[in-house]
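The values are calculated or read from the model by the stated rules, or taken from the named source; none is laboratory data. Since the model is a prediction, treat every value here as computed from it, not as a measurement. For neighbour counting, all protein chains shown are included, and Cβ atoms are generated from backbone atoms with ideal geometry for every residue, glycine included. Ligands, DNA and RNA are stripped out before the accessible areas are found, and what is left, the full protein with its side chains, is counted by its heavy atoms. Shrake-Rupley method; radii C 1.70, N 1.55, O 1.52, S 1.80 Å.
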Amino acid sequence: MNVGMSRPFRSSKAILFDLDGTLVDSAPDITAAVNELLASRDLPPLRPVQVKALIGGGVRKLVERAFAASGTPLLGSALDEANRAMTPIYRRHLTGLTTLMPGVREVLTHFHLSGLAMGVVTNKPQLAAREILLHFGLTEHLGAIVGGDAVTCLKPAPDALLLALDQLQVEPRDTLMVGDSSADVAAARAAGMPVILLRGGYSQIAVEELGADLVCDGLLDLPSAMRRLQDAA
């Protein structure tokens with residue numbers, strides 16, 4: 001499978017979606033998990049807006065950032081131990097407070113009926129991602145679910161995207177990446193596919209500044225955004 005820069009957009013055969021901040025608003029559950037971990041170390045809780053800024057890069061990076069934000073940075077074996085302690089806590093906080101982003105069901109159904117293959121690529125652990133998607137009944141439309149622990153390198157590396165493409169049996173030039181962050185843009189560029197970003201996700205930088213092919217307000221705008229990209233090619 002050739003890997004290069006994004007090529008001019010043409011009619012897609014597949015779409016890859018990020019998960020957190022794109023298909024689901026998981027920040028409330030992630031906040032609960034982070035604060036349970038901090039409380040176990042007698043550290044004060046972080047505010048939801050603080051935790052939202054820490055999301056991205058996988059669970060280990062979340063733990064590292066959380067302790068740094070609490071004024072107690074961890075390194076080496078101490079970070080390893082905290083990451084191990086986070087594993088069962090994180091698994092307890094996957095669906096209790098998480099909600100679907102607006103338009104998820106309608107858009108996935110639309111693309112499924114249109115014959116497009118779909119997958120999810122996320123830095124969240126694969127079992128956690130699958131549990132969330134099963135909870136919301138979304139797996140029936142997905143031909144690939146690739147978590148961060150299924151690949152050697154997390155996004156912004158292209159590994160997860162390329163693994164999903166192999167599972168869907170499509171090429172990068174026939175696939176669109178949809179996400180909410182700079183990591184999604186970088187991963188898509190490295191994999192050689194176009195990328196659309198959604199507003200309202202977890203990026204701490206305005207998505208208009210991240211170099212996507214197109215930005216739209218939400219998932220319900222995605223079909224028309226794809227048509228605009230195709231017409232401009």
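Points worth noting:
- Filter pass, Ala85 being part of a helix (DSSP H, G or I), touching a residue at least 24 places away in the same chain (Cβ under 8 Å), surrounded by 12 or more Cβ atoms within 10 Å (Cβ to Cβ) and not assigned by the TED database to the domain that holds Gly143: yes
- Which listed residue, of Asp149, Asp159, is of a type in the set (D, E, K, R) and in contact with a Cys (Cβ under 7 Å, 6 or more places away or on another chain): Asp159
- Residue within region 111-119 that is closer than 25 Å to Leu161 by Cβ, polar (S, T, N, Q), in the same structural domain as Leu219 (by the TED database) and part of a helix (DSSP H, G or I) present: no
Every residue, every condition in (1) within 18 Å of Thr122 (Cα to Cα); (2) in the same structural domain as Ala78 (by the TED database); (3) in a loop (DSSP other than H, G, I, E, B), yes or no:
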{"position": "Leu37", "(1), (2), (3)": "no, yes, no"}
{"position": "Leu43", "(1), (2), (3)": "no, yes, yes"}
{"position": "Gln50", "(1), (2), (3)": "no, yes, no"}
{"position": "Leu54", "(1), (2), (3)": "yes, yes, yes"}
{"position": "Arg60", "(1), (2), (3)": "yes, yes, no"}
{"position": "Val63", "(1), (2), (3)": "yes, yes, no"}
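- Test: residue in region 100-113 that is in contact (Cβ under 8 Å) with a residue 24 or more places away in the chain and more than 30 Å from Arg227 (Cβ to Cβ): no
- Residue match in region 135-143 (condition: within 16 Å of the chain's Cα centre (by Cα) and buried (at least 24 other Cβ atoms within 10 Å of the Cβ)): no
- In region 203-223, the residues that are surrounded by fewer than 21 Cβ atoms within 10 Å (Cβ to Cβ) and within 23 Å of Pro172 (Cβ to Cβ): Leu210, Gly211, Leu214, Val215, Cys216, Pro223
- Any chance Leu54 is at pLDDT 95 or above, touching a Pro at 6+ places or on another chain (Cβ under 9 Å) and surrounded by fewer than 23 Cβ atoms within 10 Å (Cβ to Cβ): no
- Scanning region 166-181 for residues that are within 13 Å of the chain's Cα centre (by Cα) and not in a strand (DSSP E or B) yields a count of 2.
- Checked against (1) in the same structural domain as Cys153 (by the TED database); (2) closer than 23 Å to Leu154 by Cβ; (3) in a helix (DSSP H, G or I), Asp80 passes all but a single condition, namely (1).
- Of all the listed residues (Leu163, Leu154, Leu127, Leu94), the sole one being open to solvent by less than 60 Å² (accessible area, probe 1.4 Å), at pLDDT 95 or above and assigned to a helix (DSSP H, G or I) is Leu163.
- Within region 179-202, restricting attention to residues that are modelled with pLDDT of 95 or more and open to solvent by 20 Å² or more (accessible area, probe 1.4 Å), the residue that is nearest to Asn123 (Cα to Cα) is Ala183.
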